[in-house]
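Below is one structure, written out as structure tokens; the observations come after it.
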Amino acid sequence: MSPLKGQENGQTTYDERQIQSREAGHAYLPEFLADYNQRFAEPPRSDVDLHCPLAGQLLPANDWKSHAKGSADGTVLFTC
């Protein structure tokens, strides 16, 4: 098998799990995320939370309004 399939490091591949339905994929997702995060997650470099606060409820995707300012040099600044 190809090393891209995960065989050289002993990992089970997507193909070997026989996930053939959406329901089976959803059932496997928690296990996949736990394994993925255990292998690739890194601690944050800072304890400061830089996420933008939400003011009220989220708008539907087609009504989303973003606040952006363009400048003469072609850069765009998005604000929260």
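The values are calculated or read from the model by the stated rules, or taken from the named source; none is laboratory data. Note that the structure is predicted; figures quoted are calculated from it, not measured. Every residue, glycine among them, receives a Cβ derived from its backbone with ideal geometry; neighbour counts consider all protein chains shown.
Assorted remarks:
- Answer from Glu31, Glu16 - the residue that is modelled with pLDDT of 85 or more, farther than 30 Å from Phe78 by Cβ, charged (D, E, K, R) and outside any loop (DSSP other than H, G, I, E, B): Glu31
- Leading residue by the ranking (farthest from His67 (Cα to Cα)) among those in segment 32-54 that are among the aliphatic types (A, V, I, L, M) and exposed (fewer than 10 other Cβ atoms within 10 Å of the Cβ): Ala41
- So Pro53, is it modelled with pLDDT of 80 or more, on the phi < 0 side of the Ramachandran plot and not acidic (Asp, Glu): no
- Some residue of segment 63-71 being modelled with pLDDT under 65 and aromatic (Phe, Trp, Tyr): yes
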